[in-house]
């Protein structure tokens, strides 16, 4: 009888511990103070680009059965300047490009 109650108390303690671990957040205000807007650091001269706004981004990723990944990105850009946009440079970092090569 004593062993049975000891097992029940042990199980209750484990369940309470797991409940606290899984369902109660560690910090209620974990993201507080992170509302500051940080402007990205630009690596190129962006003269005349201050009035160009990206209004919508849509990304569709497809992974085939053979492991081929195709990514389709659609950007909606609003140009508030008087001059047209002639080109857009989209690049991948050099150290990341090695991961794109499959042998």
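Worth pointing out:
- Subset of segment 40-55 [modelled with pLDDT of 60 or more and either surrounded by 10 or more Cβ atoms within 10 Å (Cβ to Cβ) or more than 19 Å from residue 91 (Cα to Cα) (or both)]: 49, 50, 51, 52, 53, 55
- Close Cβ contacts (under 6 Å, 6 or more residues apart or on different chains) running from residues in segment 1-17 that are assigned to a helix (DSSP H, G or I) to residues that are at pLDDT below 85 are absent.
The values are calculated or read from the model by the stated rules, or taken from the named source; none is laboratory data. This is a predicted model, so every value here is computed, not measured. Positions of Cβ are backbone-derived with ideal geometry, glycine not excepted, and every protein chain shown enters the neighbour counts.
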